[in-house]
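What follows is one structure encoded as structure tokens, with my remarks underneath.
Any read-out appearing in this document is the output of simple, stated calculations on the displayed coordinates, not a laboratory observation. Bear in mind the structure is a predicted one, so any value in this text is a computation, not a measurement. Methodologically, a virtual Cβ is constructed for each residue, glycine included, from the backbone with ideal geometry; neighbour enumeration extends over all protein chains shown.
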Amino acid sequence: MKITFLGTGSGVPAKHRNVSSMALHIDDKESSLWLFDCGEATQHQILHTSLKPRKISKIFITHLHGDHIFGLPGLLSSRSFQGGETPLTVYGPRGIKDYIEISLSVSMTHVKYPLNIVEFDEEGLVLEEEEYRFIGRKLVHGIPSFGFRIEQKELPGALLMDKVRESGIPAGPHYQQLKEGKSIKLADGRIFDGVDYIGPPKKGKIVTILGDTRYNEMSVELAMGADMLVHEATFAAGDELLAHEYFHSTTVQAAKVAKDAGVGQLLLTHISARYQKDDVLVLEKEAREIFPRVKVVEDFDVVEIK
């Protein structure tokens, strides 16, 4: 699993940062992409990457401020023109359905793929997939804004090759059957149960992606034990009053969430346009004094979830 950042700025586009959007690469058979937010010009940002819009199977909207949704009608339309035929589901707070349907209707846009729109209220969202569990909960912002926790379910254990060799099982396609836990019968009549040759299940990865928010305990709850936390850091340390007034967080507040939740890595995004490229090191240093494993991400950064 990894994340490609398509926009890491807040409010309005800047020369070096577009507004919010990121793509989570899902480890499944289809190599699906889950998009989180879709600010203005997200489809333009995608052109600078190897991402394929037809691979986007889900889009999650954290909240309905323009810098998080203004790119949505264009992306949905272009996905159709570019040969996307597989279903796409958009999840978002109440109001996202009207926004999408009116935008497409007024522009007389007809997508050629099944488009599903799922609204959720202030109670949030829970999805159970075959390989993932997804939880959305309300944060603290000027309008309903949500944070998301993506839990990869346990992965099958590895095939114990030393034990396979000790049993004298020759190489062949039956290795895959053993790995799947199936029984095999060799040409010499010997039978082996795959369950005996598989190691313990591996813990799945956990990623938390938060929308715009003030510092709050729900952020910590959603991030608890996550391998990676993506948190907004609109303002620098010392601007707590400004952050509170505009329902945002500072670098230090984001780092405190990461520390309290015991996450593996903290990625800071949604950086105000007031901060130039040279300010990034300062912002990162502020957060690192609280939580050491931190990075202020830039547009087009690709970060592996370890």
- Item | 3J(HN,Hα) from dihedral phi, the range 289-306, Karplus parametrisation 6.51/-1.76/1.60, rounded to Hz, x for glycine, proline | 5, 9, 9, x, 8, 10, 9, 8, 7, 10, 4, 6, 5, 10, 10, 6, 8, 9
- Give me the distance between the Cα centres of the range 197-231 and the range 242-299, rounded to whole Å. 17
- Note on the structure: Of Ile209, Ile102, Ile271, the most mobile residue in a GNM of the chain (C-alpha springs, cutoff 10 Å) is Ile102
- Task: Please identify every one of the chymotrypsin sites (Phe, Trp or Tyr not before Pro) in the range 154-207 that sits in a loop by DSSP and has no more than 12 other beta carbons within 10 Å of its own beta carbon.
- Result: none
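As a test of the formula, what do you get for the chain when each DSSP H run with n ≥ 4 contributes -39,500 (n - 2.57) and the sum is divided by the residue count, at 222 nm and rounded to the nearest 500 deg cm²/dmol?
One gets -6500 deg cm²/dmol as the mean residue ellipticity at 222 nm.
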- With the Cα gyration tensor of the range 54-200 in hand, convert its eigenvalues to equivalent ellipsoid semi-axes via √(5λ) and list them largest first in whole Å. 48, 20, 10
- Residue span Val12 to His244: 0.36 nm per residue of separation minus Cα-Cα distance leaves a gain in nm of 81.6 nm
- Task: Quick one: which residues, 5+ away or cross-chain, put their amide H under 5 Å from the amide H of Tyr132? H built at 1.01 Å from N.
- Result: Lys153
- Contour minus Cα-Cα span, Lys277 to Arg94, at 0.36 nm per residue, comes to 62.3 nm
- Beta bridges by DSSP in the chain, antiparallel share as percent, to the nearest 5: 55
- Distance in nm between Met224 and Ser32 label points, each 7 Å along Cα→Cβ, equals 2.7
- Solvent-free Debye scattering, log10 I(q)/I(0), computed from the Cα coordinates of the range 1-125 at q = 0.17, 0.20 Å⁻¹: -0.85, -1.19
- Go through the range 190-205 residue by residue and turn each phi into a ³J(HN,Hα) via Karplus (6.51, -1.76, 1.60, θ = phi - 60°); whole Hz please, and just put x for glycine and proline. 5, 10, 10, 9, x, 4, 6, 10, 10, x, x, x, 9, 4, x, 7
- Task: Please work out the C-alpha center-to-center distance from the range 1-27 to the range 104-181 and express it in whole Å.
- Result: 21
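Whole-Å semi-axes of the chain's equivalent ellipsoid, largest first, each the root of 5 times a Cα gyration tensor eigenvalue? Let's see the in-between values first.
Working: eigenvalues 298, 130, 57 Å².
Working from the Cα gyration tensor, I get semi-axes of 39, 25, 17 Å.
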- Extension gain Glu217-Thr109, at 0.36 nm per residue separation less the Cα-Cα distance, in nm? 34.7 nm
- Can you give the relative contact order of the chain as a percent, counting alpha carbon pairs under 8 Å and 6+ residues apart? 17
- May I ask you to derive the FRET efficiency for Lys185 and Asp162 from their Cβ-Cβ distance with R0 = 25 Å, giving the value to the nearest 0.05? 0.70
- Message: Going by average Cβ density within 10 Å per residue, which order do the peptides 284-292, 32-40, 58-66 take, highest to lowest?
- Response: 32-40, 58-66, 284-292
